[in-house]
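The values are calculated or read from the model by the stated rules, or taken from the named source; none is laboratory data. Not measured: the values here are computed from a predicted model. Cβ coordinates were reconstructed from backbone atoms using ideal geometry, including for glycine residues, and neighbour counts include every protein chain displayed.
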Amino acid sequence: MSNDDSSQDFLNEMFLTKNVKFQDNRLLLMGRPGILLNMGIFSSVAGLLLKYGKKKDLYDAGYSSVTPLVQAYKKIFNEDNKKTFDFLSNIILSSGFGKWNFIFEKDSVITSTPVSPFAESYLNTFGAAKEPVCFFLAGVLSSFFDNLFGKKHTTEEIYCKAAGSSECKFISKVTE
């Protein structure tokens, strides 16, 4: 994962190379439609889904939202996992999701971040959660590792800022 300065440079480069631009009344991020979204909107929707027991739906939404991106960037980088990982890590940090730390073990990856816009926004909107709430991000991480490494992963959030922890921490385990 890149450091904070290189992510700022990365974002500036994205603007300079016109990979982030406003064209035809829409925001394009790497040529794909995007939006600037306050996390309060997203956490409100997610919080209501959680209220109705839709954890798996949030997980699946995170998974399916990232799959085409990881696959597309893997092709761009000629299936080079390191280049793809580094590039997507820069996108995560420069997009405002905070610095994510990854610890790779034999059949698992531990991911943590002391800054979680989703968990912090959830906390501000709904108050303290009784359990981790970042199911969408868990799905994102599963898709990220599945598509990057070609092995099926299941991801669980084990610590969450919205539930009083100092960071959000996930463990992604190989399931096949």
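Things to note:
- Number of the exception - F145 against (1) modelled with pLDDT of 95 or more; (2) in a helix (DSSP H, G or I); (3) closer than 20 Å to L50 by Cβ: (3)
- Of the residues T111, T154, T67, T125, the single one that is in a strand (DSSP E or B), within 29 Å of S44 (Cβ to Cβ) and in contact (Cβ under 8 Å) with a residue 40 or more places away in the chain is T111.
- Just one of the listed residues (A138, A61, A129, A119) is over 19 Å from A163 (Cβ atoms) and at pLDDT 90 or above, namely A61.
- Residue within region 42-54 that is in a helix (DSSP H, G or I), touching a residue at least 60 places away in the same chain (Cβ under 8 Å), basic (K, R) and under 19 Å from P132 (Cβ atoms) present: no
- Considering residues of region 157-175 that are in a strand (DSSP E or B) and within 15 Å of the chain's Cα centre (by Cα) only, the residue farthest from F102 (Cα to Cα): E157
- Scope region 67-92; condition modelled with pLDDT under 90 and either among the basic types (K, R) or under 30 Å from A129 (Cβ atoms) (or both); matching residues: L69, L88, S89, N90, I91, I92
- Taking region 36-92 as the range and being closer than 14 Å to N147 by Cα, more than 13 Å from the chain's Cα centre (by Cα) and among the hydroxyl-bearing types (S, T, Y) as the test, the residues that pass are Y73, T84.
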